[in-house]
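So the structure is just underneath, and the comments pick up after that.
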Amino acid sequence: MGNAQFTLSGEAGGALFNPSQPGWSGAEASGDLRLMPELRRDYDSGLGLALAGTFAVEDPLSRGRYDGDVIERLAGELRTGLGKLEIGIADGAGYDLAVSGPKVDPGVSLDDPRTIFYRDPTSHRPLSNIFALRTEVGASSNYAKLAYTSPSLFGVQLALSFTPSQAKELPFLNAGPDLAGRQVDIWEGAIQYQTDLGPASLSAYGAVAEGRAEHKLPGQEGVSDLGAGVRLDYPVNDDITLSLGGSWRQSNAHAFNIDQSSKSGTTRGAFVSTAISYRKWMAGLEYGNGIADAGLGASRLTQNGLEASLGYSVSGSASISTGWQRQVYTRGSGAFFNGLPQLKLDAFYLHVNLKTSQE
């Protein structure tokens with residue numbers, strides 16, 4: 001029988017950027033800090049028990065997919081040879097096994113970024129609130145849930161999660177927000193496959209999420225979310241690796257906001273990217289596209305993005321990236337804060353990532 005072990009790891013990110021957008025100018029900075037404590041005990045029988053968390057402090061432009069939660073994760077884990085069972089604040093099955101294209105720096109990628117370079121000058125909130133491109137299935141976010149992940153067998157791994165409500169306390173203790181059409185009983189299922197094709201390695205996944213809406217207004221319904229992704233890595237030699245991949249998602253939630261799930265209107269997101277790695281260097285190109293059909297009184301929204309980036313791994317605990325990003329938002333009716341139906345945005349950036357661990 002082993003003794004309990006406590007580990008504490010941390011991550012920090014900081015960005016400097018110069019956005020070009022209507023109503024805002026000048027250099028900007030943003031950043032985030034996360035601490036990940038874990039208490040674990042492993043037994044000779046193969047049983048493992050753990051309590052793991054992620055606690056974050058973030059600038060308003062670096063709130064990521066959890067929108068500034070201080071507690072991003074807090075879950076108990078039980079591991080055996082049959083897989084892992086989690087209960088608590090955690091990601092769902094789809095996001096857990098998601099596969100997408102290569103990203104030089106995931107924190108500032110077009111797809112599922114943690115840091116945003118543009119803000120609404122009227123509210124000072126991130127412009128990603130309009131429509132954030134997140135092509136990984138993630139309808140249940142980090143709401144409290146039960147989640148199971150199987151071991152990998154012949155390259156295949158399965159995951160299933162159940163989220164009782166849009167609450168972030170232990171499952172079944174909170175009914176979620178008091179609003180019409182709130183989502184409950186969200187089931188997510190996912191499958192991931194990994195294999196080698198000669199010298200190349202291939203990864204792919206598919207996922208689906210289905211929920212039920214409570215206190216519905218006319219036109220509202222339970223969330224329905226599905227997606228898939230693939231990535232191929234090919235080592236040219238010991239120093240150079242070429243990578244290519246992408247991901248796709250479709251949902252009845254307008255702009256992927258599950259509080260606006262409706263019978264009319266579909267939202268789709270697509271992301272493709274390619275990268276080349278040379279020793280500690282990595283260069284990449286990304287393209288993202290999103291279309292949110294009009295529904296429940298919301299306007300049709302589209303977004304297109306392009307990003308070129310270059311990254312360097314200083315060490316196992318430090319990396320830096322720089323690049324240029326362009327995004328264009330268009331709406332079918334009405335106008336943005338600039339008085340026009342289209343927003344054109346671009347920015348040059350420098351982003352630093354640091355991480356450490358301590359027992």
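The values are calculated or read from the model by the stated rules, or taken from the named source; none is laboratory data. If you're wondering where the values come from, they're calculated on a predicted model, not measured in any experiment. Glycine also receives a Cβ, built like all others from the backbone with ideal geometry; neighbour counts cover every protein chain displayed. The protein model used for the area step is the full one, side chains on, heavy atoms only, and it has no ligands, DNA or RNA in it. Shrake-Rupley method; radii C 1.70, N 1.55, O 1.52, S 1.80 Å.
Numbers below:
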{"item": "Residue satisfying all of: in segment 172-189; over 24 Å from THR80 (Cβ atoms) and crowded, with 16+ Cβ neighbours inside 10 Å; modelled with the lowest pLDDT among these", "result": "GLY176"}
{"item": "Which numbered condition GLU38 fails, given (1) over 25 Å from GLY229 (Cβ atoms); (2) open to solvent by less than 40 Å² (accessible area, probe 1.4 Å); (3) modelled with pLDDT of 95 or more; (4) not hydrophobic (A, V, I, L, M, F, W, C)", "result": "(2)"}
{"item": "Of the criteria (1) part of a strand (DSSP E or B); (2) over 20 Å from GLY246 (Cβ atoms), which one SER264 fails", "result": "(1)"}
{"item": "Segment 253-274: number of residues that are open to solvent by less than 10 Å² (accessible area, probe 1.4 Å) and farther than 21 Å from VAL208 by Cβ", "result": "1"}
{"item": "Those residues of segment 267-306 which are of a type in the set (A, V, I, L, M) and either under 29 Å from ALA12 (Cβ atoms) or outside any strand (DSSP E or B) (or both), in sequence order", "result": "ALA275, ILE276, MET282, ALA283, LEU285, ALA294, LEU296, LEU306"}
{"item": "Every residue from segment 222-252 that is assigned to a loop (DSSP other than H, G, I, E, B), of a type in the set (S, T, N, Q) and open to solvent by less than 60 Å² (accessible area, probe 1.4 Å)", "result": "ASN252"}
{"item": "Residue satisfying condition, being modelled with pLDDT under 95 and in a strand (DSSP E or B), within set SER319, SER309, SER357, SER313", "result": "SER357"}
{"item": "Which listed residue, of ASP96, ASP120, ASP91, ASP112, is open to solvent by 10 Å² or more (accessible area, probe 1.4 Å), of a type in the set (D, E, K, R) and at positive phi", "result": "ASP112"}
{"item": "Single match in SER30, SER20, SER9, SER62 (criterion: of a type in the set (S, T, N, Q), in contact with a helix residue (DSSP H, G or I) (Cβ under 7 Å, 6 or more places away or on another chain) and touching a residue at least 12 places away in the same chain (Cβ under 8 Å))", "result": "SER30"}
{"item": "Selected residue (only one of ASP67, ASP59, ASP44 is closer than 21 Å to ARG249 by Cα, surrounded by fewer than 22 Cβ atoms within 10 Å (Cβ to Cβ) and either of a type outside the set (Phe, Trp, Tyr) or modelled with pLDDT of 95 or more (or both))", "result": "ASP67"}
{"item": "Tabulated pairs, segment 146-163, first within 16 Å of GLU210 (Cβ to Cβ), second open to solvent by 50 Å² or more (accessible area, probe 1.4 Å), C-beta under 6 angstrom, 6+ apart or interchain", "result": "LEU146/ILE87; ALA159/ASP96; LEU160/TYR148; PHE162/LEU146; PHE162/TRP187"}
{"item": "Total residues in segment 145-201, condition in a strand (DSSP E or B), among the hydrophobic types (A, V, I, L, M, F, W, C) and in contact with a Ser or Thr (Cβ under 7 Å, 6 or more places away or on another chain)", "result": "6"}
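For (1) touching a Phe, Trp or Tyr at 6+ places or on another chain (Cβ under 8 Å); (2) under 30 Å from PHE337 (Cβ atoms); (3) crowded, with 19+ Cβ neighbours inside 10 Å, each residue gets a yes or a no:
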{"position": "PHE131", "(1), (2), (3)": "yes, yes, yes"}
{"position": "ARG134", "(1), (2), (3)": "yes, yes, yes"}
{"position": "GLY138", "(1), (2), (3)": "yes, yes, yes"}
{"position": "THR149", "(1), (2), (3)": "no, no, yes"}
{"position": "LEU153", "(1), (2), (3)": "no, no, no"}
{"position": "VAL156", "(1), (2), (3)": "yes, no, no"}
{"position": "ALA159", "(1), (2), (3)": "yes, no, yes"}
{"position": "THR163", "(1), (2), (3)": "yes, no, yes"}
{"position": "LEU170", "(1), (2), (3)": "no, no, no"}
